[in-house]
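As structure tokens, the structure follows; a few thoughts come after it.
Laboratory data are not the source of any read-out in this text; all were calculated from the coordinates shown. All of these numbers come straight from a predicted model, not from anything done at the bench. Every residue, glycine as well, gets a Cβ built from its backbone with ideal geometry; the counts of neighbours run over all protein chains shown.
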Amino acid sequence: MKKWKEFVEESRNDDKSLTEGKKQRTRGSGPGLERSLKWFLDTGPQKKGGWPGGKKRPSFRRRKFNDTSAPPGAPGGLEEEVEPESFEKQPELDPRFWKTGKLNPRIAKRLIKIANEFVEGLEQDVQISDIRLTGSLANYNWSKYSDVDLHIVVDFSKISDDTELAKSFFDAARWRWNELHDIVMYGHEVEIFVENVGHVTHSSGIYSIMEDDWVTSPTSDEIRFDYPTARKKADSIQTETNLIEKFADAKPRSALKSIKRLKERIRKMRKAGLHSPDQEYSAENIAFKILRREDTLDKLSQMQYNAFDALLSIG
């Protein structure tokens with residue numbers, strides 16, 4: 001956790017607006033949040049100069065991906081596809097995480113520590129309402145691909161009257177944390193999310209770590225999902241990603257517009273799936289998971305930053 005705190009302190013020192021006057025923190029105000037958001041966004045990612053303190057720029061891709069511009073299954077395409085079996089339900093919850101229906105105390109203690117370390121490193125005073133585990137590891141559809149989805153529940157209105165500004169601040173903060181850290185539990189990467197109180201999480205398995213009890217209990221009932229349709233949806237988006245890649249260097253402005261449209265389409269696709277009766281098992285949500293597992297989402301983000309840098313560069 002030292003690396004996270006050092007980054008926060010160095011980011012503050014790099015931001016002149018935070019070092020003027022008496023160097024007092026501004027909490028719970030619009031301007032204070034905007035300054036806090038600024039030092040998250042202005043300190044990276046950058047191709048040159050690295051991160052504050054000379055640190056190496058974190059990679060946007062945690063898992064290695066194949067750069068070949070071809071859809072899965074095509075000659076020269078991705079060497080390993082996501083197996084349909086990885087989405088099927090398991091006969092039990094992951095026994096390394098769950099003991100008689102309760103979260104493994106050792107894991108619970110560690111996740112609480114991670115959440116507290118994250119919050120303590122923020123520029124704003126943040127009170128945690130709950131810490132939750134959700135996603136496939138809180139369900140029967142866990143697999144080797146599953147992440148530890150750690151959700152920190154916060155009342156955005158206590159941070160700022162502008163909840164959208166508060167959301168942007170937390171999005172930037174948690175993204176920076178996830179990029180700086182590579183915490184793994186039994187082979188599963190821990191990924192932090194921050195959600196507002198009252199936010200409806202579309203998951204059939206949600207566990208309150210603070211209360212040590214289920215908010216929403218998962219069911220082991222047999223389910224069916226349309227993997228071929230999900231695969232086609234993912235292939236279509238991967239093909240578009242590869243097409244954008246072909247002209248991104250020569251036409252960065254056009255690439256940015258295309259990437260923005262494609263990302264918005266992906267967001268709408270997943271939202272539609274999660275709001276459907278099938279929820280996590282909808283073809284749309286499984287397509288999203290395929291895109292994430294095969295690093296298409298990371299590839300899109302990397303292309304977006306590269307195009308933005310190219311537009312601002314001279315020579």
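The table below lists the values:
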{"item": "Spatial extent of the range 82-172: Rg and Dmax, with the Cα atoms as the point set, Å", "result": "16.1, 46"}
{"item": "Prolate/oblate/rounded label for the range 114-218 (Cα gyration tensor, a/c 1.5)", "result": "oblate"}
{"item": "FRET efficiency, 1/(1 + (r/R0)^6) with R0 22 Å, evaluated for T229 and K268 via beta carbons", "result": "0.85"}
{"item": "Simple Cβ-charge dipole of the range 77-234, Lys/Arg +1 and Asp/Glu -1, about Cα centre, in debye nearest 20", "result": "400"}
{"item": "Gyration tensor verdict on the range 237-315 (Cα atoms; rounded if a/c is under 1.5, prolate if a/b is larger than b/c, oblate otherwise)", "result": "prolate"}
{"item": "Which of W175, W142 has the fewest Cβ neighbours within 10 Å, and the rest in rising order", "result": "W175, W142"}
{"item": "Packing rank of 241-251, 286-296, 114-124, where each peptide gets the mean count of other beta carbons within 10 Å, highest leading", "result": "286-296, 114-124, 241-251"}
{"item": "Relative contact order (percent, whole number), the range 160-315, Cα cutoff 8 Å, 6+ residue spacing", "result": "20"}
{"item": "FRET efficiency for S236 and Y186, using Cβ-Cβ distance with R0 set to 45 Å, rounded to 0.05", "result": "0.85"}
{"item": "Cα-based shape type of the range 174-236, given that a ≥ b ≥ c are square roots of the gyration tensor eigenvalues and the cut on a/c is 1.5", "result": "oblate"}
{"item": "Charge dipole of the range 140-257 about the Cα centre (unit charges at C-beta), most positive-ward option of A173, T163, I244", "result": "I244"}
{"item": "Among the listed pairs K99/K268; K232/K271; K167/K289; K89/K289; K232/K268, those beyond 27 Å (Cα-Cα)", "result": "K99/K268"}
